[in-house]
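The values are calculated or read from the model by the stated rules, or taken from the named source; none is laboratory data. Keep in mind that this is a model prediction, so the values were computed, not measured. Note that each Cβ is placed from the backbone with ideal geometry, even for glycine, and that neighbours are counted across all protein chains shown.
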Amino acid sequence: MISLGLFWFFYFAGLGTFFPYYSLYLRENAGLTGTELGIVLAVVPLIGSTAQVVWGQVADRTGARTRVLAVVTLGAALGYAALGTAGGFRGLVVATAGLSLFATAVVPVSVSVSLAALRDAGPHAFGFVRAWGTVGFLLLVVGFPWALNRAQAARQLVAEPGGPSEPGLEMMFAATALLVFIAALIAIRLPRGGGVELRASRGDWRQLLRIGSVVRLALFTFAAYVCLQGPMGFFPVYIRAHGGDMGTVGRMWTLMLLIEIPLVLLSGAGLTRLGPRGLLSVGIFAAALRWIVCGLSQDLSVIYPVQLLHGVTVVGLLLGAPLYLEAVAPEGLRSTGQTLLAMVGIGWGGTASNAAAGWLLENMGTNAPYLLGGVGALVLGCLVPWILPRPDRARVEEKEGVPDRSRGYIALDV
């Protein structure tokens, strides 16, 4: 469990250096238009939608899930380093595409490894391990702006009128690459054997498409990411448009993560009480409220407190969906299932959402992606009872004719 926690810590520490500020870098330092920004951000899920499933199949067919995780994490580290050398719109598109071939598979494969390794450790174990990722993210969200300011002062980099607010922001690529590289080294030492190395047979992936619960979850995830991914990716640009700076972005992320950590730690209790479907409902409603308030507000004093809902969304959606899938998918297909979910949600849904958010930003204003995304999420939340059945794997597999090849699944729900 310690090695898993360290992996999540360092990998998400890298994301904490990169994710909150990448769109700000593209907008100000690289000088991209709103549409170009949307295209670059859409490249990540577009390329990842294929790469994720390929890596998931490799992991399930070979049973070498920890080694596959080490490979994709190392590839991500190299991708972040290469991204720092890219220039211009076309160069950024190509470099982002190269990064996406590996980075988009890291989280779904790490989820499958973690759930397999912790299957007998109780309902709180995964939340405990995953919380270390949030801690790492938080520390770098807070620490990177401070380190950047010191580095800019040492290099005498000063913001000029009409120029980027953070002229040395490209330093984030090297920092991210280093942290992700450390995570790759840790991945080599992650647990093996047992459920972690369970293999799937050729063509077994088709079983997933015959399980109605999996198909419905995929459709729900697609719709959720269409509503939410674009606004999340454009969040630094949104904050800048409302008078904030990089420090404001960092402080808001700190607020988001301070509530996320205890919620993730308590996710086992939430799972026991609400079940995966209940977590998904809570998460989508929290996201809807957050983005609707952001879409209607121009005041940072109002925008600040609703960011507390981010933690609820993470526990509800980013933990609820993988746990729901774990409850209804055959164990030998856990990596393929998680990457399939990521392909449909982050891949297809995220591509559409980022492209649409970029167009809305340029043509309808900064608040438009948030208001429309929030209203869409609200409608989707109301439809959860009709979209997602209770994740009782035994009943689903008996009804759908899918053989049960696993034990130890989660079958709780409301």
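A quick yes/no check of all residues on (1) in contact with a Gly (Cβ under 7 Å, 6 or more places away or on another chain); (2) within 28 Å of F222 (Cβ to Cβ):
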position	(1), (2)
Y22	no, yes
L26	no, yes
L37	yes, yes
V43	no, yes
T50	no, yes
W55	no, yes
G75	no, yes
G79	yes, yes
G84	no, no
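Within the range 167-191, can you find the residues that are touching a Ser or Thr at 6+ places or on another chain (Cβ under 6 Å) and surrounded by fewer than 15 Cβ atoms within 10 Å (Cβ to Cβ)?
Within the range 167-191, R189 is the sole residue that qualifies.
Just to verify a result, which residue in the range 279-325, among those that are surrounded by 24 or more Cβ atoms within 10 Å (Cβ to Cβ) and of a type outside the set (A, V, I, L, M, F, W, C), is farthest from W132 (Cα to Cα)?
Within the range 279-325, the match that is farthest from W132 (Cα to Cα) is R290.
State yes or no: is M343 of a type in the set (A, V, I, L, M, F, W, C) and either surrounded by 24 or more Cβ atoms within 10 Å (Cβ to Cβ) or within 20 Å of A287 (Cβ to Cβ) (or both)?
The answer is yes for M343.
Please verify whether the range 354-370 includes one or more residues that are under 17 Å from the mean Cα position of the chain (by Cα), surrounded by fewer than 23 Cβ atoms within 10 Å (Cβ to Cβ) and modelled with pLDDT of 85 or more.
no
Considering only residues of the range 1-17 that are over 20 Å from F126 (Cα atoms) and either surrounded by fewer than 24 Cβ atoms within 10 Å (Cβ to Cβ) or of a type in the set (G, A, S) (or both), which is modelled with the lowest pLDDT?
This residue is G16.
Taking the residues in the range 147-166 that are in contact (Cβ under 8 Å) with a residue 24 or more places away in the chain and surrounded by 17 or more Cβ atoms within 10 Å (Cβ to Cβ) as candidates, determine which candidate is farthest from the chain's Cα centre (by Cα).
P164
Which one is modelled with the lowest pLDDT, of the residues in the range 208-237 that are of a type in the set (G, A, S) and within 16 Å of the chain's Cα centre (by Cα)?
In this case the residue turns out to be G233.
Among the candidates G88, G79, G63, G122, single out the residue that is among the small types (G, A, S), more than 18 Å from the chain's Cα centre (by Cα) and modelled with pLDDT of 85 or more.
Step by step, each of G88, G79, G63, G122 is checked, and only G88 is among the small types (G, A, S), more than 18 Å from the chain's Cα centre (by Cα) and modelled with pLDDT of 85 or more.
Inside the range 144-169, can you point out the residues that are of a type in the set (K, R) and assigned to a loop (DSSP other than H, G, I, E, B)? First the steps, then the outcome.
Initial filter on the range 144-169 (of a type in the set (K, R)): 150, 155.
Across the range 144-169, the qualifying residue is only R155.
Within the range 18-46, which residues are polar (S, T, N, Q), surrounded by fewer than 22 Cβ atoms within 10 Å (Cβ to Cβ) and closer than 22 Å to T176 by Cα?
N29
Might you let me know whether the range 308-331 holds any residue that is acidic (D, E) and at pLDDT 85 or above?
Checked the range 308-331: no residue is acidic (D, E) and at pLDDT 85 or above.
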